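Engineer: Here it is, the structure in full.
The values are calculated or read from the model by the stated rules, or taken from the named source; none is laboratory data. In this text, all values refer to a predicted model and were calculated from it rather than measured experimentally. Methodologically, a virtual Cβ is constructed for each residue, glycine included, from the backbone with ideal geometry; neighbour enumeration extends over all protein chains shown.
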Amino acid sequence: MITSIKLMDVASYSPTTPVIVNTDNKKVNLFYGLNGSGKSTLGNFLQSKTDPVYQHCEISPSNVEHEIIVYNQNFVRDNFYEIPQQKGIFTLSEANKDAEEAIEKAEYAIKKLEDSQSEIEINANKKNKEITNEESTLKEAVWKSKSKYERTELEFCLAGFKTKDKFLQKIKDSQSSCDSTIKDLKAEAKELNEQDGTPRESIQTISFSGSYIENEQIFKSRIVGSEDSYLAELVEKLGNSDWVQSGMKYLNDDEPCPFCQQELEADFSTAINQLFDTTYQSKKEEILNLKNVYENSISILESNLVNGAFLAEYVVDNSEFSTTKLLLLTCLKDNLSLINDKYTKPSEVIKLLDTTELIDNLNNVIMKIQSEVDTFNDKIKNKNIHLTNINRKFWSLLNLEYAALIEATIDKTKSLNLEVEQLRENYKNKNKDKREQDNIIIENSKKITNIDLSIKNINSQLKELGLQGFQLEKASEDSQHYKIVRESEADEDVYNTLSEGEKTLITFLYFLESCAGATDQESTVILNRRIIVIDDPISSLSHNYIYDIATLIHHKVLLANFKQIFILTHNLFFFHELLMLKAPSNRAVPYKLHRITKSDFSKVKDLQRNEIQNDYQTYWQIIKDCSESHSYANMLPNAMRNILEHYFTFIHKKDALKKTLEDLGKTSSEFKPLFRYINRESHSDSININDFEGIDVEKYIEKFKQVFENTGYSDHYYQMMGIDNPATLIEEETVEV
């Protein structure tokens, strides 16, 4: 069964926007549309789906195996206008019971096989849905991670992968090996994107020129006074030469001893000075010089560490550098303090801390920073390369994160696909079985097939329709063709003497027989495999036959066991008849109604039963359609004439209509042909009718409106056009004021 039809870039259908006709799996689809709206294009497509002109059209499902039989102008031309003797239509008679039973059993077997195939399709669809759900679940799970990286330093990695399918495929295609973390990649990306392109300044290792002082022997020696003084033994015994030496500045020969406040001997001052002789003083000078050098070296080092690259943020913010630097400077200052103590108390032995290791530690940190500087400068120089590397690592990390889930989904879908493949193979095997049953039907049909019953059926229908004087006969006794003959004429070319209506009726009866039969002995006739399409079967028939044709279609097509039916018509009465015949005897057959319209391009929309208009409303619809689009302008005068005749006849105001038409014709000379055509009392002719080519639609509708205004029935005009009456609006506004 056809579930939908797509029409695009053919005839009156848009070259860019497809029109989708949904059947909602209904067996019967009725289409109503005015001539030229695009109905025949739909039927022609179903008849010749492979024609290149329909390359942008398609039906769904695309693998419909049913036979599509179409009645349209192509059918009429192919079967009557080009072939004088018609192919015989083979139908099944009751002559061979065994053959019929074999056919019946084969048809039943085919039905069972098709039911089995339907179950297979249902199961396959379920499996395919499971596959889709598995893949969708995976896509959704992976897609959630995308939001974590939007509006972050790594958002650039998402460029080009902002759909679920592409996002998942990129993750699948990436390798799951990476020695970085997302945090590392964010930091690196931020560093690259925030810098202004200026390379970082190199940082040099430091040296400390006063390092040698830390190993001077003088700090390890006790420096005391000379032994030549008689006081040397006493000072040594007291063990406090530093205290004595520090008190020398208070010694005065004219005053008591600064230490004990007793009178000093005459040579005491000389003895004290002998105690702290030149050697002692020179060693103190040496200590002082060493102190000054060490202190100056510290100052130089401190100055170097707060200048140049050492002031850069990437150095100042380095915690390891700050810690190591602080340890070194603290140690140096501790050593300087010890040297000061040595100078103050030369007799004490001090041990300076060796700063070599601390300097090496600081230089190691500096070299590490310099390595980072080199790396950073390289990144600036090759920024795009590094961003590409970040991108690669980013997708690798996502692959690593979802590898297990992806693998599980692949395994599950692989298993499901195997099951679907098995179902497809089973479906193909059923087709083989169906072909075997088809062969049984073909072989048995040959035994009981003839065209006599078809001829009998068509002739019977011709009589029922009141067509007398001609009938169908076999071209010869052994022929599988037939011809049209009249009883009163021997001329074999009877066909050309038929009216268009008679030709249409015979053609359509032939079509109805072909729907239920076969046109050759090798064909298989299985009704529930056939889709019937009927395009305007009453286009050249009078109203007398509309009911008959509708009844024939109802009984021979709609109630038959065909798979699906499409009927297209421009005649609203015929459309009504098909619907009226449906209820209540055929409620079980599902109907779907459609309406085809055309403005710039053809459109198809669903039609509800309560939307169907009668003929009078249809004429008004033409007026409204023309006011919006000029596609049906050639139908406008005829619609106007029918509306005016119906309405003014109904209200018994034909005289008022005639007078108004005459008055308007006198005052508007350019519209005289229109008023003569509308007024059935005047003598319209072909010249008048031809004058309607290229009419000004807006002006014609305006004159049409004046007819209702001048006769006093403007309200009816506005009501049928579905617009407000300006006069009524003015009155309402006046009342409100």
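Engineer: Over 19 Å from Leu418 (Cβ atoms), free of Cβ contacts under 8 Å to residues at least 40 places away in the same chain and assigned to a helix (DSSP H, G or I): is that true of Ser116 in this structure?
Structural biologist: Working: over 19 Å from Leu418 (Cβ atoms): yes; free of Cβ contacts under 8 Å to residues at least 40 places away in the same chain: no; assigned to a helix (DSSP H, G or I): yes.
Answer is no for this residue.
Engineer: Please indicate, with yes or no, whether at least one residue in the stretch 72-79 is outside any strand (DSSP E or B) and either within 35 Å of the chain's Cα centre (by Cα) or among the β-branched types (Val, Ile, Thr) (or both). Give the steps one after another, and end with the answer.
Structural biologist: Start the filter on the stretch 72-79 by keeping residues that are outside any strand (DSSP E or B), which leaves 72-79.
When the remaining residues are screened for being either within 35 Å of the chain's Cα centre (by Cα) or among the β-branched types (Val, Ile, Thr) (or both), the result is 76.
Looking through the stretch 72-79, at least one residue is outside any strand (DSSP E or B) and either within 35 Å of the chain's Cα centre (by Cα) or among the β-branched types (Val, Ile, Thr) (or both).
Engineer: So is Tyr343 in contact (Cβ under 8 Å) with a residue 40 or more places away in the chain, of a type in the set (Phe, Trp, Tyr) and more than 30 Å from Lys172 (Cα to Cα) or not?
Structural biologist: Criteria met by Tyr343.
Engineer: Has the stretch 584-592 got at least one residue that is modelled with pLDDT of 85 or more, in contact with a strand residue (DSSP E or B) (Cβ under 9 Å, 6 or more places away or on another chain), over 29 Å from Glu500 (Cα atoms) and part of a strand (DSSP E or B)?
Structural biologist: Going through the stretch 584-592, the residues modelled with pLDDT of 85 or more turn out to be 591-592.
Then drop every residue that is not in contact with a strand residue (DSSP E or B) (Cβ under 9 Å, 6 or more places away or on another chain), which leaves 591-592.
After this cut, where a residue has to be over 29 Å from Glu500 (Cα atoms) as well, the list is 591-592.
Those still in the list that are part of a strand (DSSP E or B) too: 591-592.
The answer is yes, given that some residue of the stretch 584-592 is modelled with pLDDT of 85 or more, in contact with a strand residue (DSSP E or B) (Cβ under 9 Å, 6 or more places away or on another chain), over 29 Å from Glu500 (Cα atoms) and part of a strand (DSSP E or B).
Engineer: A further question on this structure: Among (1) closer than 30 Å to Ile441 by Cα; (2) modelled with pLDDT under 80; (3) in a helix (DSSP H, G or I), where does Glu502 come up short?
Structural biologist: Condition (1) is where Glu502 drops out.
Engineer: Taking only the stretch 379-391 into account, find how many residues are loosely packed, with under 14 Cβ neighbours inside 10 Å and either at pLDDT 80 or above or under 16 Å from Gly160 (Cβ atoms) (or both).
Structural biologist: 3
Engineer: Residues Phe31, Phe45: which one is in a helix (DSSP H, G or I), under 34 Å from the mean Cα position of the chain (by Cα) and surrounded by 20 or more Cβ atoms within 10 Å (Cβ to Cβ)?
Structural biologist: Phe45
Engineer: Could you list all residues from the stretch 370-418 that are in contact (Cβ under 8 Å) with a residue 12 or more places away in the chain, farther than 14 Å from Leu185 by Cα and under 29 Å from the mean Cα position of the chain (by Cα)?
Structural biologist: Asn399, Leu400, Glu401, Tyr402, Ala403, Leu405, Ile406, Thr409, Lys412, Thr413, Leu416, Asn417
Engineer: Being under 30 Å from Glu104 (Cβ atoms), surrounded by 13 or more Cβ atoms within 10 Å (Cβ to Cβ), touching an Asp or Glu at 6+ places or on another chain (Cβ under 8 Å) and not acidic (Asp, Glu) is true for just one of Lys434, Lys412. Which residue is that?
Structural biologist: Criteria check complete, one pass: Lys434.
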